[in-house]
Structures are given as C-alpha cells and as structure tokens.
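Beneath this line is the structure, given in structure tokens, with notes to follow.
The values are calculated or read from the model by the stated rules, or taken from the named source; none is laboratory data. Nothing here was measured: the structure is a model prediction, and the numbers come from that model. Because the Cβ atoms are built from the backbone with ideal geometry, glycine has one as well, and the counts that use them run over all protein chains shown.
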Amino acid sequence: SGEQVLAGRRVLVTSGPTHEPIDPVRYIANRSSGRQGHAIAAAAARAGAAVTLVSGPVGIPDPPGVGVVRVESAREMLAAVEAALPADIAVFAAAVADWRPEREAGAKKIKKDGAGPAPMPLVENPDILATVARMPTGRPPLVVGFAAETEAVLDHARAKIARKGCDLIVANDVSAEGGVMGGIDNAVHLIGRDGSVESWPRLGKNEVARRLMAHFAGMLAGRYR
Ligand code: C5P
C-alpha cells in the first residue's frame, strides 16, 4: 500500500559485508548478501523517507529511489556513515568484518614461498553501530542494530542492545536449519531497550522491511519504547 509512514524523515542504512584487504587479491569478510539491508532501504524510500544506503560489496542491484554510497572496508563504511548524518533513523544491517589485517595491504600480491603463510596479525575494526549510538551530539533519535545469531538468539540480542547502546535490535536465527542466510525469507524478533520482545512469523525480507517501517514510525512517534 502507499502509506507514507516516514514522509519527511531521513533514514541511513548500512548493508552488505565489508572487505578487509590482505593484498590486492585477498580479503577477510563476513557472509552477507545485503538482501535485508537493501530491502530496508527500498522500503524506507517507499515509505516517503530520504534514504542514504551505505553498502559494502554486494551482487544485488541498487534499490530504487535511494542514494547509494559504495564502500569496501569497515573504516570506509564508518567514514561514509558519519558523512551521511544527520538522520532521524539509522539502521545498521551490514555484516561488518570484526577484524582486519594489522598491516595495510600493499600494491603487490603476497607470494607463496613454499614455507607456508606468514603470520597475519589482526586488529579490531571500529564498531559502527556502537559509535553512532554513543555519539555525544547529533545521535539519530532512533538507532537500530541487527543480531545474526545461531543460538540463544534472544539472550545474545539483549546483551547486545546494552553493549551497543542502540534503541532496538532486530534479531534473526542464521543457523543452517533456518535457511535465512542469503535466502529470501527472514524470521525476526524485535528486542527493545527494556528487554521486551516482539516475534514475527517467517516473512519475505521485503515484508519484514515494510513492517519495520511502520514499527520505526511508531517508535519515533513515541507509541512504543
Ligand atoms: O557485534 P555484532 O557484529 O554481532 O553486532 C551486530 C550489529 O552491529 C549489526 O547491527 C552490525 O551492523 C553492527 N556492527 C557494526 N560495526 C561493527 C560490527 C557490527 O556496525 N564493526
């Protein structure tokens, strides 16, 4: 339907994986199709919002009606997110790589010398969601994180909302049985700051996105916590 529940709002969405270069041909990444994040950006645009999508490398088309900023690494994603603010709603659906090689990738491919791989120290990437959720000024009024878990989904999501400082966590079970990873369906739980849980049935990722827009509009209007 054509309800413009986010008319006049600015929405920022991250989506896809990040690639952390090892050398010009190799990288570290998490698995992510970008489908749910891209569906959220598309749904926000359909709901009347002005949308910026900061996307890591994905193999799916840009959503219609959305400004897309393409990035590779977590640090590039953080810089693009900061440049895209302010926003009324920030949704962090990207599967950001937790670590990157400590050594900056050079211009030359690392050669196999027959002696096995050299040790590759890793360092932690910035947590983009936590950085924005804890901004002292200019924090978006609604900051939403995702939690992809394979077990104890609700417990982990409750811990995550406190650790990250966001307002809402959209949690899903990505264990192999669910077939969510890379698929077109998703079964999500919405976890609030007070620990409240709203569980939705298994739905298409586009329908999850559409329903999320109504939920976000309600939260901004102060209808739920
Ligand atoms: O800590 P974990 O990766 O499980 O948290 C997932 C949530 O945090 C997602 O919303 C993800 O987009 C966000 N995140 C982030 N930057 C990171 C790691 C995770 O924005 N470096």
Review point. Tell me, which residue of segment 79-120 that is β-branched (Val, Ile, Thr) and touching a helix residue (DSSP H, G or I) at 6+ places or on another chain (Cβ under 8 Å) is farthest from Pro17 (Cα to Cα)?
Key: Ile89
Review point. Right, Ala47: within 16 Å of the ligand (Cβ to nearest atom), within 23 Å of Phe216 (Cα to Cα), at pLDDT 95 or above and surrounded by 14 or more Cβ atoms within 10 Å (Cβ to Cβ) or not?
Key: no
Exercise for review: Output yes when any residue across segment 87-97 is more than 15 Å from the ligand (Cβ to nearest atom), out of contact with any Leu (no Cβ under 9 Å at 6 or more places or on another chain) and modelled with pLDDT of 95 or more, and no when none is.
Suggested key: no
Review point. What about Ile161, is it within 11 Å of the ligand (Cβ to nearest atom), crowded, with 18+ Cβ neighbours inside 10 Å and more than 26 Å from Pro57 (Cα to Cα)?
Key: yes
Practice item. May I ask you to list pairs of residues, at least six apart or on different chains, whose Cβ atoms are under 9 Å apart, with the first in segment 64-79 being of a type in the set (S, T, N, Q) and the second being within 14 Å of the ligand (Cβ to nearest atom) and outside any loop (DSSP other than H, G, I, E, B)? Key: Ser73/Glu20; Ser73/Arg100
Check your understanding: Which ones in segment 17-66 are in contact with a Pro (Cβ under 7 Å, 6 or more places away or on another chain), hydrophobic (A, V, I, L, M, F, W, C) and assigned to a loop (DSSP other than H, G, I, E, B)?
Key -> Ala29
Check your understanding: What residue, among those in segment 4-16 that are assigned to a strand (DSSP E or B) and more than 11 Å from the ligand (Cβ to nearest atom), is nearest to Lys109 (Cα to Cα)?
Key -> Leu12
Exercise for review: Kindly list, by first and then second residue, each pair from a residue in segment 139-150 that is of a type in the set (Lys, Arg) to a residue that is more than 11 Å from the ligand (Cβ to nearest atom) and in a strand (DSSP E or B), limited to pairs with Cβ atoms under 9 Å and residues at least 6 apart or on different chains.
Suggested key: none
Practice item. Go through Gly56, Gly16, Gly8, Gly37 for me and flag whichever is surrounded by fewer than 16 Cβ atoms within 10 Å (Cβ to Cβ) and out of contact with any Leu (no Cβ under 7 Å at 6 or more places or on another chain). Key: Gly8
